[in-house]
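No value in this document is a laboratory result; all are computed from the given coordinates. Computed from a predicted model, the values in this text were never measured in an experiment. As a convention, Cβ positions derive from the backbone with ideal geometry for all residues, glycine included, and neighbour counts pool all protein chains shown.
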Amino acid sequence: MLASSPISALAREMAAIFATEGRDDADLTGQELIAGHWPDGVNHPPMTLEAELRTCLATSAHPCAGAIGAAIPMTPWGTNPVENRMLEREASMIAVATLLDPDGPMPSRRFRAGLLFQRAGTYYRLHTHDAVETYAIVAGSADWIAGSDRRLRGAGDVIHHPSRMPHAFRAGPAGFVAIWRWSGDINSHSYTFLPDPEVA
Ligand SMILES: [Fe+2]
């Protein structure tokens, strides 16, 4: 990967955040992002939520928010590794870009990592999966449920979900933008929505 490319700058910002976790898998994910080869010809069709994404990013002074904005033209938004587990109502409220994954664009044998934008005011219902997961919010806010913990999260907050911990997010008035990573058992087939009292 070219050291000066917007994707490599984004990779460094993501690694810097993951390094604050104090977990070996987070450190290793960051190292793979920085060292990873970004292949030529990555498909990045127009991001249908780009205007909303940019509006949300503009509310944040977080350095990773700037890096995500600068990398939009070459970021493969629309590459959610678990999109086939969702109904249309979930798929339409979020946009996911996968950067590190067994299937690429940056290949990893052990980890997945990428970006997520959730639209303003939407509720992404309770779900769970085998993978250990960390989100770090870089712009906007969300009412965040992680197991028995529920609180308002905003830029700079890092949230860790152990394997199988139920989690759900209600996006704030600007939506939110986050980076995410998976480690442990990163299979997609265990991604499951749960009965959720917030959903009538
Ligand atoms: Fe998750």
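Per residue, how much space in cubic angstrom lies within the convex hull of the C-alpha atoms of the stretch 124-200? It would help to have the intermediate numbers written out before the result.
Numbers: hull volume 6.6 nm³, N = 77.
Spelled out: Cα convex hull of the stretch 124-200, divided by residues, is 86 Å³.
Lys/Arg Cβ at +1, Asp/Glu Cβ at -1, dipole of the chain taken about the Cα centre: which of S108, F193, N84 is farthest positive-ward?
F193
Based on alpha-carbon atoms only, what is the radius of gyration of the stretch 11-106 relative to the globular estimate 2.2 N^0.38 Å? If you can, show how the numbers build up before the last one.
Values: Rg = 14.2 Å, N = 96, 2.2 N^0.38 = 12.5 Å.
This ratio for the stretch 11-106 stands at 1.14.
Given Cα pairs under 8 Å that are at least 6 residues apart, what percent is the relative contact order of the stretch 5-147?
Values: 158 pairs, mean separation 33.4, N = 143.
Computed value for the stretch 5-147: 23 percent relative contact order.
Take every DSSP beta bridge with both residues inside the chain and express the antiparallel ones as a percent of the total, to the nearest 5.
Details: 42 of 44 bridges.
Approximately 95 percent, going by the DSSP bridge assignments.
By how many nm would the segment from R110 to A16 grow when fully extended, if each residue of separation counts as 0.36 nm and the alpha-carbon distance is taken off? The partial results should precede the final answer.
Working: separation 94, 0.36 × 94 = 33.84 nm, distance 1.92 nm.
Extra length from R110 to A16 when fully extended: 31.9 nm.
Taking Cα centroids, how far is the stretch 182-200 from the stretch 12-39 in Å?
24
Loop-only check: which trypsin sites (Lys or Arg not before Pro) in the stretch 79-186 are DSSP coil with at most 16 other Cβ within 10 angstrom?
Details: sites: R85, R89, R109, R110, R112, R119, R125, R150, R151, R153, R164, R170, R181; in loops: R109, R110, R119, R164.
Those that pass, being in a loop and sparsely packed, are R109, R110, R164.
Report the paramagnetic label zone for D143: residues of the stretch 186-200 whose backbone N is under 13 Å from a point 7 Å from Cα along the Cα-to-Cβ axis.
197-200, by backbone N distance to the label point.
Before anything else, pin down the relative contact order of the stretch 1-84: Cα pairs under 8 Å, at least 6 apart, normalised by residue count, whole percent. Could you put the intermediate results ahead of the total?
On the way: 63 pairs, mean separation 29.7, N = 84.
Across the stretch 1-84, relative contact order equals 35 percent.
Normalised by the number of residues in the stretch 65-200, what is the relative contact order in percent for Cα pairs under 8 Å and 6+ residues apart?
Working: 318 pairs, mean separation 37.7, N = 136.
Averaging sequence separation for qualifying contacts and normalising by length gives 28 percent for the stretch 65-200.
Working from the alpha-carbon coordinates of the stretch 93-151, get Rg over Rh, Rh being the Kirkwood radius. Walk me through the numbers on the way to the answer.
Values: Rg = 13.2 Å, Rh = 13.4 Å.
Reported Rg/Rh (Cα atoms, Kirkwood Rh): 0.99.
How large is the dipole of the stretch 1-109 about the Cα centre if only Lys and Arg carry +1 and Asp and Glu carry -1, each at its Cβ, rounded to the nearest 20 debye?
It comes to approximately 180 debye.
Charges on Cβ only, +1 for Lys and Arg, -1 for Asp and Glu, centred on the Cα centroid of the chain; of W38, Y124, I72, which one is farthest towards the dipole's positive end?
Y124
Treat every Asp and Glu Cβ in the chain as -1 and every Lys and Arg Cβ as +1, leave all other atoms uncharged, and give the resulting dipole magnitude about the Cα centre to the nearest 20 debye. Intermediate results must be reported in sequence, preceding the final value.
Details: 16 positive and 22 negative charges, 56 e Å.
The dipole magnitude comes to about 260 debye.
If N is the number of residues in the chain, what value comes out of its Cα radius of gyration divided by 2.2 N^0.38 Å?
0.94
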